[in-house]
Amino acid sequence: MNERTEAYILTWLNEVEQMLKSISSDFLGYKPTGNCINQTPQFRNVTVGKLPSEMQVFYGFCDGVDMPDVHVGYFIHSLSWIEKSHLKGEPFRIASYPHEIVVFGSDGGGGRFALGGETSQEILYLPSSGGIHNGVFRYLSKSEAPYRVAKDWMQFMEVLRSDLRAFLLRDETWKFMID
């Protein structure tokens, strides 16, 4: 395991956990619901061939992140959810996209986050306006088309943390990864 990656992920988890704890009723205007890092009792070795090594380290330290009250809602699903996602009807391909995908998260409106496949590490956002047929995400217009939110897992983590920070600062000039 890369010590730098491990240190970055631990720092990220600690910072995000502190930011999530700061979300209050006074801030939101309603009672916060379930903003948390889903902890694992201890580090676990994760070896899921479809996931890049940095993602496996992440899942070694936690079992997902729930941010229902942040912007439009952000969710990094549990490892068991990812492993069974195809059984739940989640897409494993995108029409006219060369690689298989692995859906690992979602937003509060039904959009999905997906890893671009074994040969592509980019993180894609699949808007809820698209449809799924036989495991293939399909879209009819450019506004429904998937788009890249990060070049890889580490950049996705940084973008997500930046979105959380901008949300807490009520930064109206910030461009969130999902509008």
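The values are calculated or read from the model by the stated rules, or taken from the named source; none is laboratory data. Treat the numbers as computed from the prediction; the structure is a model and nothing was measured. Neighbour counts run over all protein chains shown; Cβ positions are idealised from the backbone, glycine included.
Figures for the structure shown
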item: Positions within region 11-29 being loosely packed, with under 14 Cβ neighbours inside 10 Å and either within 22 Å of Leu115 (Cα to Cα) or without any contact (Cβ under 8 Å) to a residue 24 or more places away in the chain (or both), in sequence order; result: Thr11, Asn14, Gln18, Lys21, Ser24, Ser25, Asp26, Gly29
item: Among the residues listed as Lys88, Lys84, the single one being touching a helix residue (DSSP H, G or I) at 6+ places or on another chain (Cβ under 9 Å), under 28 Å from Asn38 (Cα atoms), surrounded by fewer than 18 Cβ atoms within 10 Å (Cβ to Cβ) and not polar (S, T, N, Q); result: Lys88
item: Yes/no for Pro98 being of a type outside the set (Lys, Arg), modelled with pLDDT of 95 or more and out of contact with any helix residue (DSSP H, G or I) (no Cβ under 8 Å at 6 or more places or on another chain); result: no
item: Where Tyr147 falls short, out of the listed (1) among the aromatic types (Phe, Trp, Tyr); (2) surrounded by fewer than 17 Cβ atoms within 10 Å (Cβ to Cβ); (3) closer than 19 Å to Leu13 by Cβ; result: (3)
item: Filtered residues of region 136-179 (kept if among the β-branched types (Val, Ile, Thr) and either assigned to a helix (DSSP H, G or I) or closer than 13 Å to His71 by Cα (or both)); result: Val159, Ile178
